[in-house]
Amino acid sequence: MCLALPARVVSIDEQTDMAIVALGEIKKEISLALVEDVQIDDFVLIHVGYALNKVSPEEAELTLAMFAEAGLVERDS
Amino acid sequence: MRYVEEFRSQDLALKLARTIKRECDPDRQYNLMEFCGGHTHAIFRFGVQDLLPENLRFVHGPGCPVCVLPIGRIDNAIHLATEHGVILCTYGDMMRVPASGRKSLLKVKAEGGDVRMVYSTLDALKIARENPHREVVFFAIGFETTTPPTAVAIKQAQAEGLKNFSVFCNHVLTPAAIQNILESPEVREMGPVTIDGFFGPSHVSSIIGSRPYEFFSEEFQKPVVIAGFEPLDVMQSALMLIRQINEGRHEVENEYTRVVSREGNLKAQALVAEVMELRRSFEWRGLGLVPYSALQINSAYETFDAEKRFEIPAIQASDVKGCECPRILRGVKKPTDCQLFGTVCTPENPMGSCMVSSEGACAAYWSYGRFRH
Ligand code: SF4
């Protein structure tokens, strides 16, 4: 129910405010009514047929870097 | 898939697990509640608990929208289909939830009721367009994530002049429920549950932002970390909570910055505010009446409100005897504490709502964790 997945925007229909997104191999039509300034190749979070938000590539990198840093084994163990 | 696989790396998970173990104080207990069913599901699916020390316990909260909807509201939806003869549209997860007399929307459908499963509110609008001589009601449920799509549908119906479309609104609000878990009088009756910190929901927060939790963490002096849904997100967030607890801090931190900002999605918030307003109080399964915890359609859009269009009585229905969902939803009991768990009640034949949705605690225990406990 609450699942939402990141998908890549493949094409946008400005007229209807709809977009085709790719979820891995699968293509899906979704609504862009809840988001702004979406461009082709952006990643958006998809939930019940709508894009909820854009996924920030910069922030994703920072989070991955944070994992790597937290996982560094500095001391005894 | 991008933004999924990188956040499931096993190698990193093991390293993070080691760090968590090192930083957990062996002399204290860390009870961390994940409010959201999506986290419960991820924790079980990826076996996150197995990687973490014994004194760190996940407490599964009430954040599964299917699980918290009271039976009476499902009875109402059933009546709409059977007595008012509407086309009732709803999300798939609602179909199998047992209502009074062990009825469910799926059974109603099998008996000839016109119940249709939709993937999106746009599908419900399409059904209304295609059936101009029938009343079409969208049975709307869900937290802040699922509310904006309902608001969009109502605005769209108005723009198109769709006269046969209405919404039976059951949208609920996360911050009100989290607060209720800590302060309501029932907490005393059900026995104490100590929660040391909260994982904030991922996708709800993408809409409402991290700001609404600030009051809560200050008021209750509990740390909140907004966490993504992937296993590494959950582990990193657990580490951030542990650090706050160890240092005696209680702040709102955000691990899921790739999607969640402090302000949230302002466009979605504005759409919801235009179409809906707060209900003075709403019944939650497991929590009882929670003040200002749900939304209803406001007077400007009341022609699309099924509660105005049809007679929808308040129904007091009780849960199946023996079902511990209310206590489980509060984190007071575990699914395995329920006598019906796995014997009478299974995902194929659910007795209570926590067993229906894969995000429910009982279903998650059954599907992934039953051998552990
Ligand atoms: S196992 Fe079934 S009956 Fe028991 S609490 Fe869970 S849903 Fe209710």
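The values are calculated or read from the model by the stated rules, or taken from the named source; none is laboratory data. Remember, it's a predicted structure, so these values are computed and weren't measured experimentally. Here the Cβ is made from the backbone with ideal geometry for all residues, glycine too, and neighbour counts use every protein chain on show. These area figures cover heavy atoms from the full protein model, side chains too; ligands, DNA and RNA do not enter into them. Shrake-Rupley method; radii C 1.70, N 1.55, O 1.52, S 1.80 Å.
A few points about this structure:
- Listing of segment A:1-42 residues, each with accessible area lower by at least 40 Å² in the full protein assembly than in the chain alone (probe 1.4 Å): A:Met1, A:Cys2, A:Leu3, A:Pro6, A:Ala33, A:Leu34
- Helix A:57-70 and the longest principal axis of the Cα set of chain A meet at an angle near 20°.
- Amide hydrogen proximity for B:Tyr292: with H placed 1.01 Å from N in the peptide plane, the residues at 5 or more positions away or on another chain lying under 5 Å are B:Ser281, B:Phe282.
- Among the GluC sites (Glu not before Pro) in segment B:204-279, those placed in a DSSP loop whose Cβ has at most 11 other Cβ atoms within 10 Å are B:Glu247, B:Glu263.
- Spin-label model, B:Glu274/A:Lys28: points 7 Å from Cα along the beta carbon direction are separated by 2.5 nm.
- The apolar share of the surface of segment B:325-367, taken as the fraction of accessible area on carbon and sulfur atoms (1.4 Å probe, ligands and nucleic acids excluded), comes to 47 percent.
- Averaged over residues, the count of other Cβ atoms within 10 Å places the peptides B:279-286, B:349-356 in the sequence B:349-356, B:279-286, highest first.
- Given charges at beta-carbon only (K, R positive; D, E negative), |dipole| of segment B:302-342 in Debye: 320 debye
- Placing unit charges on the Cβ atoms of the charged side chains and taking the dipole of the protein assembly as shown about its Cα centre, the candidate lying farthest along the positive direction among B:Ser210, A:Ala33, B:Ala294 is B:Ala294.
- Expressed as a fraction of 2.2 N^0.38 Å, the value expected for a compact globular protein of N residues, the C-alpha radius of gyration of the protein assembly as shown is 0.96.
- Interface residues, segment B:101-139 - accessible area loss of 40 Å² or more versus chain alone, probe 1.4 Å: B:Tyr119, B:Leu122
- Label sites at B:Val4 and A:Gln15, each approximated as a point 7 angstrom past Cα along Cα to Cβ, lie 3.2 nm apart.
- Surface analysis of segment A:5-69 yields an accessible area of 50 Å² per residue, using protein heavy atoms and a 1.4 Å probe.
- Excluding ligands, DNA and RNA and using a 1.4 Å probe, chains B and A jointly bury around 3900 Å² of accessible surface, summed across both partners.
- Under the span-like rule (Cα at least 15 Å along the axis, Kyte-Doolittle mean at least -1.0), DSSP H helices of chain B: B:10-23, B:71-82, B:147-160, B:231-246
- Between B:Glu83 and A:Ala65, the FRET efficiency from the beta-carbon distance, with R0 = 60 Å, is close to 0.55.
- Solvent-accessible area, 1.4 Å probe, carbon plus sulfur percent, for segment B:1-319: 49 percent
- Counting protein heavy atoms only, chain A has 50 percent of its accessible area on carbon and sulfur, 1.4 angstrom probe.
- The mean accessible area for residues of segment B:1-319, using a 1.4 Å probe and ignoring ligands and nucleic acids, is 38 Å² per residue.
- Tail weight of P(r) past 20 Å, computed on alpha-carbon pairs of segment A:5-69, percent: 28 percent
- Contour minus Cα-Cα distance for B:Leu289 and B:Ala110 (0.36 nm per residue): 61.2 nm
- For segment B:59-74, a decrease in accessible area of 10 Å² or greater in the assembled protein chains relative to the isolated chain, with a 1.4 Å probe, applies to B:Pro65.
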